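Quick notes on the structure that follows.
The values are calculated or read from the model by the stated rules, or taken from the named source; none is laboratory data. These figures come from a predicted structure and were not determined experimentally. Virtual Cβ from ideal backbone geometry, glycine too; neighbours counted across all protein chains shown.
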């Protein structure tokens, strides 16, 4: 069926197209702001922390191929399981999975990093992509349906600590904790940790919606602490990308 008919007024047509354009560009922009991603990677000890916003930059040209790696809308409101995380790996960089596959993207990007380093090629960009995805894991609105509440509150929550966080790494570290990823069970342990943090983020998202409010700064720092803790554990496993 055609979107427009001869009876459709030019003004209505323009409004419709502008709405599509705005919705697309808003969804493209959503995610913690760059400073938050950089701060998470820096707190984790990533020596190339300044690359960790690169995955968001890529969305400008790669569009849905990259965009869907950054969230999981969880339209069925189900508990995230390690099995669900692992099932998303094959959807990495696929442009048809509009619900998103953030959880699988974390592991898939690390697989690419491992293959690159084993071949002796430059794999750091894969690790930088992973840093961005791990950051998105703690953003509540990347783990809940993209409904009216999400659309209305998403951008504001991206900025809760965005203006201060890069100069406040010590505050993130207050909320970090040890995570063990056993070398012989790396992906198994990682999938469990991804599911755990995804559910914490998802439940916070539901709480915010129920209470009709935005995150507090403490809640935001708690969230980024989850991401920084997980990425630090990932860096420890690979053993080559930490400061000092």
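Okay, residues lined up against (1) in contact with a strand residue (DSSP E or B) (Cβ under 6 Å, 6 or more places away or on another chain); (2) farther than 21 Å from residue 238 by Cα; (3) surrounded by 15 or more Cβ atoms within 10 Å (Cβ to Cβ):
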position	(1), (2), (3)
117	no, no, yes
125	no, no, yes
135	no, no, yes
141	no, yes, yes
175	no, yes, yes
179	no, no, yes
185	no, no, no
203	no, yes, no
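Of everything in the stretch 91-115 that is surrounded by fewer than 19 Cβ atoms within 10 Å (Cβ to Cβ) and closer than 14 Å to residue 187 by Cα, the residue that is farthest from the chain's Cα centre (by Cα) is 114.
Counting only residues that are closer than 15 Å to residue 33 by Cα, touching a helix residue (DSSP H, G or I) at 6+ places or on another chain (Cβ under 8 Å) and part of a helix (DSSP H, G or I), how many does the stretch 136-162 have? Summing the residues that are closer than 15 Å to residue 33 by Cα, touching a helix residue (DSSP H, G or I) at 6+ places or on another chain (Cβ under 8 Å) and part of a helix (DSSP H, G or I) in the stretch 136-162 gives 10. For the stretch 96-118, residues that are assigned to a helix (DSSP H, G or I) and either in contact with a helix residue (DSSP H, G or I) (Cβ under 6 Å, 6 or more places away or on another chain) or at pLDDT 95 or above (or both) total 15. Residues in the stretch 199-244 that are farther than 18 Å from residue 110 by Cα and in a helix (DSSP H, G or I): 23 in all. Does the stretch 163-183 contain any residue that is modelled with pLDDT under 95 and part of a loop (DSSP other than H, G, I, E, B)? Yes, there is a match, as at least one residue in the stretch 163-183 is modelled with pLDDT under 95 and part of a loop (DSSP other than H, G, I, E, B).
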